[in-house]
Amino acid sequence: MNHSPHIITFPDPRSVSLSIRASAVVFADPKSLQLLSLIDRVAPSNANILIIGETGTGKELVARQVHLSSLRATQPFLAINCGAFSETLFESELFGFEKGAFTGAINSKAGWFEAANGGTLFLDEIGDLPLPMQVKLLRVLQEGEVVRIGARKPVRVDVRLIAATNVDLEKAVAEGRFREDLYYRLKVVSLELPILRERPRDIIPLARHFIHKYAHRLDIVEPTLSPQAERALLDYLWPGNIRELENVLHRALLVFHGKQIEVDDLHLLGPQIERSPRDTPETPAELEDCFTRYLKGLFEEGHDAIFDHIVDHAIHTAYQWEHLNQVRTARLLGISRNVLRTHLKRMQLIE
C-alpha cells in the first residue's frame with residue numbers, strides 16, 4: 001500500500017523564501033521515517049532536545065514538529081538564531097529588561113523566555129553562543145527563572161528548550177568554547193538529521209512539493225519531472241541539502257519550456273567537478289601561478305570593480321566548499337562571522 005509522504009512546512013512559507021534554511025521537510029525515506037517515529041516518542045515529554053544537522057537540513061522545522069506533537073502545541077513557539085545578535089543585544093532579548101536599565105530602555109520589555117512561557121523556545125546555532133551567555137542560559141535551565149536586566153526579582157518561567165547546531169559541540173567542549181555542563185543539560189535527547197543525500201527517497205517527494213509550490217506562486221501549469229531529470233536529482237550530492245534543492249527547482253520553473261522539467265533546466269554541476277589531472281595544479285607554486293594568470297586576465301579585460309569581484313568569488317567559493325556553513329566559512333577565510341554575513345547579505349545569498 002502506498003502512503004503519501006508526511007510533509008511539514010513553515011506556517012508562512014513566504015517568510016523564508018530567500019533564507020538559507022530549509023522551508024520544507026518530508027518524511028518518506030526510511031531514515032526520515034525513523035526520525036519521525038523518534039520525534040513522536042520524545043515530543044510529549046518536557047525534556048530539552050538538541051537537534052544536530054548541517055545547514056539546510058530542516059532543523060527548525062523539526063523543532064516545530066516536536067512542539068506541535070507535544071502537550072505545549074497550543075502555547076507559543078519562538079525561534080531565535082543565536083548567531084544573529086551581539087552578546088549585549090542577545091542578553092536583553094533573551095531575558096528582557098526593565099525601564100531605565102540602560103540608555104534607550106524607555107520601557108520595560110519581556111524577553112524571549114517570558115514570551116515563550118508555557119511553550120517552546122528554539123535556539124538555533126547554539127554553538128555560536130558566547131561563554132558568558134552560556135553561563136546565564138545554564139542558570140535559567142537549572143532554576144527555571146529569569147532576571148530581567150535592571151531587575152532584582154526573578155520571574156518564574158515554564159519553557160521547553162530545543163537547541164540546534166551544525167557544529168561539533170563535543171569538539172567545542174574539548175576546546176573550551178562550550179560549557180560541558182550546558183552541553184549535557186541541552187542534550188537530554190538528541191535528534192540527528194541526516195544530510196539530504198543520505199535519505200534519497202525524500203528527494204523526489206521534496207522536488208514535487210517545491211514544483212507545486214512555485215508553480216502556484218508563478219501562476220503556471222504545474223510541470224512534471226522527466227525521468228532523466230529525476231535521475232539527475234537522485235545522483236547529485238546536494239551539498240546545500242534541502243535548501244539547495246528548493247533553489248534548483250525554483251530556478252528550473254523560471255527557465256523550462258514545454259510540459260516537463262529536463263536535466264538542462266536544473267543546471268546541476270554534477271555529483272562532482274570533473275578535472276583532468278594535467279589541468280590540476282599540484283604544488284603551491286602552480287596554484288599561485290594559476291591565480292596570477294586569472295588576475296591578469298581580469299586586468300586585460302578591463303573588468304569593472306575587480307577587487308569586489310575577487311572578494312565575491314572567494315566568499316561564494318568558500319561558502320559552497322563549506323556546504324553553506326557560515327561558521328566554518330568564516331574560519332576558512334580568516335574573517336569574523338559578522339563580516340561574512342554582511343557580504344552574504346549583499347550578495348543575496350542570505351536574508
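Computed from Cα atoms alone, the Kirkwood hydrodynamic radius reported for the stretch 122-268 is 18.8 Å. Which of Thr57, Ala151, Pro30 sits farthest toward the positive end of the charge dipole of the chain, with +1 on the Cβ of Lys and Arg and -1 on the Cβ of Asp and Glu? Checked the options; the winner is Ala151. Using a cutoff of 8 angstrom between alpha carbon atoms and counting only pairs six or more residues apart, the relative contact order for the chain works out to 18 percent.
When DSSP beta bridges are restricted to pairs lying wholly in the chain, around 30% turn out antiparallel. Helix 284-301 and the longest principal axis of the Cα set of the chain meet at an angle near 80°.
Taking the C-alpha atoms only, the angle from helix 59-68 to the longest principal axis of the chain is near 40 degrees. Going toward the positive end of the dipole of the chain, with +1 on Lys and Arg Cβ and -1 on Asp and Glu Cβ, which of Leu253, Tyr184, Leu234 do you reach last? Checked the options; the winner is Tyr184.
Per residue, the Cα convex hull of the stretch 21-123 amounts to 116 Å³.
For the set Trp112, Trp238, Trp321, solvent exposure ranked by accessible area (probe 1.4 Å, protein chains only) runs largest to smallest as Trp321, Trp112, Trp238.
In the frame of its principal axes, the chain has Cα extents of 68, 58, 39 Å, reported largest first. Per-residue Karplus couplings for the stretch 142-147, computed as 6.51 cos²θ - 1.76 cosθ + 1.60 with θ equal to phi - 60°, are listed in order as 6, 9, x, 8, 10, 10 Hz, Gly and Pro entered as x. Near the amide H of His6, within less than 5 Å, lie the amide hydrogens of Phe27, all on another chain or at least 5 residues away, with H placed in the peptide plane. Annotation for Asp312 and Arg217: the two label points, set 7 Å from Cα along the Cα-Cβ direction, are 2.2 nm apart. Taken about its Cα centre, the chain carries a charge dipole of roughly 1400 debye when the Cβ of each Lys and Arg holds +1 and the Cβ of each Asp and Glu holds -1. Distant-in-sequence amide contacts of Leu191, defined by a placed amide H-H separation under 5 Å and a gap of 5 or more residues or a different chain, comprise Leu50, Ile51, Ile52. Converting phi to 3J(HN,Hα) with the Karplus coefficients 6.51, -1.76 and 1.60 and the offset θ = phi - 60°, the stretch 320-333 yields 5, 4, 8, 6, 6, 8, 5, 4, 5, 5, 4, 5, 4, 8 Hz in sequence order, with x at every glycine or proline. Legend: distances between Cα atoms for Lys109/Lys153; Lys213/Lys259; Lys59/Lys187; Lys99/Lys153; Lys109/Lys136; Lys31/Lys213; pairs beyond 21 Å are Lys31/Lys213.
The values are calculated or read from the model by the stated rules, or taken from the named source; none is laboratory data. Predicted model only: the values in this text are computed from it and were never measured. Please note: Cβ atoms are built from the backbone with ideal geometry, for glycine as well, and neighbour counts cover all protein chains shown. Note: accessible area is taken over every heavy atom of the protein model, side chains too, but ligands, DNA and RNA are not part of it. Shrake-Rupley method; radii C 1.70, N 1.55, O 1.52, S 1.80 Å.
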